[in-house]
Amino acid sequence: MGNDSDAVVREQVAYYRARAAEYDRVYSERGDLQVLLPVIDNLPVTGDVLELACGTGQWTGPLAARARSVTAVDAAPEALAIARKRVRSPTVEFMCADVFAWRPPRRYDTVFFAFWLSHVPPARLPGFWRTVADALAPEGKVVFIDNGPGESAGEEVLTGQPVPSVRRRLDDGSEYRIVKVFHEPGQLVRDLAAWGWQARVWPVGTNFIAGAADLG
């Protein structure tokens, strides 16, 4: 990764820290996101769960309802402060850490991430999935939800960037670049197979994807 690429990742973290107070509005304003909440009921979530990039905890509560325990990790302390107020459970532990630098202290039955995979730069994907593998217990499952290719139409996609990026604006008018990769399900399955994963990825509605993977 070059310095320009690293700069986009730093800008992405700054964006989510600044956006924390505005983040939950998207769940109330976009009705199509509501179709995703029932999806988690059909995903193989069980046992001790690791949630990566938990944000404001929109998914942490539903995970905790099905899990023995949840360890929820995010790089934005502002988002974690909201998540801690939203999810008050003795079985949930929140942890502030950079997902790219963090290493799992133990193994988990389920690793979950929502709207995170699309924020991983392509060059970092193999390393990210190695971290996920290190976090996964034998016979464990990875499950995820994210934007699909259909979501690109609603974004301001930037050209000439070191990684696939879009421009986002906050209520105060400030602008940020963030990494945004709109994964096509078939190609993602092939990429994961090349890294040793057996995966199934499917569309949810017209704008989203869901997936489950294991190491076989």
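The table that follows gives values for the structure above.
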quantity: Evaluation of ALA101 against (1) touching a residue at least 12 places away in the same chain (Cβ under 8 Å); (2) closer than 27 Å to ALA194 by Cβ; (3) surrounded by fewer than 15 Cβ atoms within 10 Å (Cβ to Cβ); (4) not acidic (Asp, Glu) (one fails), failing number; calculated: (1)
quantity: Test set (1) among the aliphatic types (A, V, I, L, M); (2) within 12 Å of the chain's Cα centre (by Cα); (3) farther than 23 Å from TYR23 by Cβ - LEU188 fails condition number; calculated: (2)
quantity: Unmet criterion (only one of (1) closer than 23 Å to LYS180 by Cβ; (2) assigned to a loop (DSSP other than H, G, I, E, B); (3) touching a helix residue (DSSP H, G or I) at 6+ places or on another chain (Cβ under 6 Å); (4) hydrophobic (A, V, I, L, M, F, W, C)) for VAL45; calculated: (1)
quantity: Criterion violated by ALA67 - all others in (1) over 12 Å from the mean Cα position of the chain (by Cα); (2) closer than 19 Å to ALA213 by Cα; (3) surrounded by fewer than 22 Cβ atoms within 10 Å (Cβ to Cβ) satisfied; calculated: (3)
quantity: Close pairs (7 angstrom Cβ cut-off, 6 or more residues apart or separate chains): free of Cβ contacts under 8 Å to residues at least 24 places away in the same chain and under 30 Å from LEU43 (Cα atoms) in the range 146-175, of a type outside the set (Lys, Arg) and buried (at least 18 other Cβ atoms within 10 Å of the Cβ) anywhere; calculated: VAL166/ILE178
quantity: Considering residues of the range 73-95 that are surrounded by 13 or more Cβ atoms within 10 Å (Cβ to Cβ) and over 16 Å from TYR23 (Cβ atoms) only, the residue modelled with the lowest pLDDT; calculated: SER89
quantity: Single residue of ALA153, ALA193, ALA114, ALA135 found to be surrounded by fewer than 19 Cβ atoms within 10 Å (Cβ to Cβ), closer than 27 Å to VAL39 by Cα, among the small types (Gly, Ala, Ser) and modelled with pLDDT of 95 or more; calculated: ALA193
quantity: Scan of the range 1-42 for residues that are in a loop (DSSP other than H, G, I, E, B) and within 23 Å of ALA97 (Cα to Cα), ordered by number; calculated: MET1, GLY2, ASP24
quantity: Candidate set from the range 196-216 (those that are hydrophobic (A, V, I, L, M, F, W, C) and assigned to a loop (DSSP other than H, G, I, E, B)); member that is surrounded by the fewest Cβ atoms within 10 Å (Cβ to Cβ); calculated: LEU215
quantity: Lone qualifier among LEU158, LEU170 - being surrounded by fewer than 18 Cβ atoms within 10 Å (Cβ to Cβ) and either closer than 26 Å to VAL35 by Cβ or touching a helix residue (DSSP H, G or I) at 6+ places or on another chain (Cβ under 9 Å) (or both); calculated: LEU170
quantity: In the range 6-52, the residues that are of a type in the set (Gly, Ala, Ser), out of contact with any strand residue (DSSP E or B) (no Cβ under 9 Å at 6 or more places or on another chain) and surrounded by 13 or more Cβ atoms within 10 Å (Cβ to Cβ); calculated: ALA20, ALA21
quantity: Pair list, Cβ < 9 Å and 6+ apart or interchain, from the range 61-72 residues that are under 11 Å from GLY47 (Cα atoms) to residues that are of a type in the set (Asp, Glu) and buried (at least 21 other Cβ atoms within 10 Å of the Cβ); calculated: LEU63/GLU51; VAL70/GLU51
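The values are calculated or read from the model by the stated rules, or taken from the named source; none is laboratory data. Computed from a prediction, not measured in an experiment: that's the story for all the values here. Glycine also receives a Cβ, built like all others from the backbone with ideal geometry; neighbour counts cover every protein chain displayed.
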